[in-house]
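Just so you know, all these numbers are worked out from the coordinates, no wet-lab data involved. Everything numeric here is computed off the predicted structure, so don't read it as measured data. Here the Cβ positions follow ideal geometry from the backbone for every residue, glycine too, while neighbour counts run over all protein chains shown.
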Amino acid sequence: MRLRVDAGGREITYLEGGQLTRQVATVRPRTLVLLHAFPLSASMWRQQLWAAPSGWRFLAPDFRGFGPEASLEVGNGAPSIDDFARDVVDFLNALSIDQAVVAGLSMGGYAAFAVLRRAPERVAGLVLADTRATADSPEGRAGRLAMIERLDQVGVAALAEEMLPRLLGATTREQQPDLAPVIRRLILENSVQTVRAAILRMLSRPDSTGLLREISCPTLIVVGDQDALTPIPESQFMYERIDGANVEVLPQVGHMSNMEQPLGFNQALNGFLALHF
Ligand code: MLT
């Protein structure tokens, strides 16, 4: 069930895991905030939320406009990835959370970098899953503009069909045929307006390469070895620049590593949390 919080004058919907352990905990739980990929929603984190380890509160907010109970996509001026970062900080403020480990998959990783730029003191640790630090190349931007055209002409369903083969690894497509319909359903919950704004946010995001050497918090990089959208060299690039980063390559897994191989992903994530916090 989705929860809601009034954050900085706008409502943010979110999912939460680890509530039972929180109720019996005598110490304040540590918090992990899970930031979702494009064009899905917080629902993609269900397999992580239920596996939140004891003493941890896992929170997965929907980015503005996304999810089955979306708040309205609002914003003044051009959509920016910084809007997502502001929402995350407002979300933490609304829940009186000073610091959290921030985990982002793909677009969620772009947003995690934006949070780091905006409020590094709020980030206790980082998980960068199937993402990249670099900005879009000129070809990448052109591809996004073409995607907006198709989106406006044929809607979110066409986008889902176009993206699904690239979101999932070849092994998953072959061995887990039930997963594509689940992801398609999550994509179809989102409006053209929300998806279009998110494309513009990604297209205009700055390069975060310079930020990598400044990261001083514990960091885990996770990537599927069949990730076609943010392939292994992108993770290698981040790993070489983030001091002391841990890296986990998940075998036979594509871009949606947390959904394709939840056990392996959770082992890497929860092992990282146990080691550093
Ligand atoms: C995502 O999974 O969030 C997107 O594929 C990222 C992107 O298009 O750059």
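Amide H to amide H, which residues 5 or more places from residue 228 or on other chains are under 5 Å from it, using H placed in the peptide plane?
Long-range HN contacts for residue 228: 255.
With each label point set 7 Å from Cα along the Cα-Cβ vector, what nm distance links residue 5 and residue 267?
The two pseudo-label positions are separated by 3.2 nm.
Going 7 Å from the Cα of residue 216 in the Cα-to-Cβ direction, what parts of segment 247-277 have a backbone nitrogen less than 18 Å from that spot?
Taking a point 7 Å out along Cα→Cβ of residue 216, the residues of segment 247-277 whose backbone N falls under 18 Å are 277.
Among the DSSP beta bridges whose two residues both lie in the chain, what percent are antiparallel, rounded to the nearest 5?
Within the chain, antiparallel bridges account for around 30 percent of the total.
With +1 on each Lys and Arg Cβ and -1 on each Asp and Glu Cβ, and nothing else charged, work out how big the dipole of segment 154-215 is about its Cα centre, in Debye to the nearest 20.
Charge dipole of segment 154-215: 140 debye, to the nearest 20.
Rounded if a/c is under 1.5, else prolate if a/b beats b/c, else oblate: with a ≥ b ≥ c from the C-alpha gyration tensor eigenvalues square-rooted, which is segment 45-137?
Verdict is rounded for segment 45-137.
Please say if the chain is rounded, prolate or oblate, where rounded means a/c under 1.5 for a ≥ b ≥ c the square roots of the C-alpha gyration tensor eigenvalues, and otherwise the choice is prolate for a/b larger than b/c and oblate otherwise?
It is rounded, given that a/c, with a ≥ b ≥ c, falls under 1.5.
Note down the magnitude of the dipole of the chain about its Cα centre, charges +1 on Lys and Arg C-beta and -1 on Asp and Glu C-beta and zero elsewhere, to the nearest 20 debye.
The dipole magnitude comes to about 480 debye.
Mind telling me which of 67, 244, 18 comes out most flexible in a GNM of the chain, alpha-carbon contacts under 10 Å?
Among 67, 244, 18, the largest mean-square fluctuation in the Gaussian network model of the chain belongs to 244.
Order the peptides 186-196, 34-44, 1-11 from the highest to the lowest mean number of other Cβ atoms within 10 Å of their residues.
For the peptides 186-196, 34-44, 1-11, the packing ranking is 34-44, 186-196, 1-11.
From the Cα gyration tensor of segment 127-277, with a ≥ b ≥ c the square roots of its eigenvalues, which class applies: rounded if a/c is under 1.5, or else prolate if a/b is larger than b/c, or else oblate?
The shape class here is oblate.
Which whole-number percent is the relative contact order of the chain (Cα, under 8 Å, 6+ apart)?
19 percent
How do 93-101, 218-226 rank on mean C-beta neighbours within 10 Å, highest first?
Sorting 93-101, 218-226 by mean packing, highest first, produces 218-226, 93-101.
Show me the ranking of peptides 262-275, 132-145 by mean Cβ neighbours inside 10 Å, starting with the highest.
The peptides rank, most packed first, as 262-275, 132-145.
Which one of 153, 48, 236 has the biggest mean-square fluctuation once the chain is modelled by GNM with Cα springs under 10 Å?
Sorting by GNM fluctuation, first place goes to 153.
Quick check on segment 1-142: of the DSSP beta bridges with both residues there, what percent are antiparallel, nearest 5%?
Percent antiparallel among DSSP bridges in segment 1-142 is about 40.
³J(HN,Hα) across segment 99-104 via Karplus (A = 6.51, B = -1.76, C = 1.60, θ = phi - 60°), whole Hz, x for Gly/Pro?
Once θ is set to phi - 60°, the couplings for segment 99-104 become 9, 8, 7, 10, 10, x Hz.
Size of the dipole of segment 171-261 about the Cα centre, Lys and Arg at +1 and Asp and Glu at -1 on the beta carbon, nothing else charged, in debye to 20?
460 debye
With unit charges on the beta carbon (Lys/Arg positive, Asp/Glu negative), name the residue among 97, 186, 172 whose Cα is farthest towards the positive pole of the charge dipole of the chain.
Going by the charge dipole, the pick is 97.
List the residues, sorted by chain then number, that are 5 or more residues from residue 127 or on another chain and whose placed amide H is less than 5 Å from its amide H.
102, 103, 104, 220
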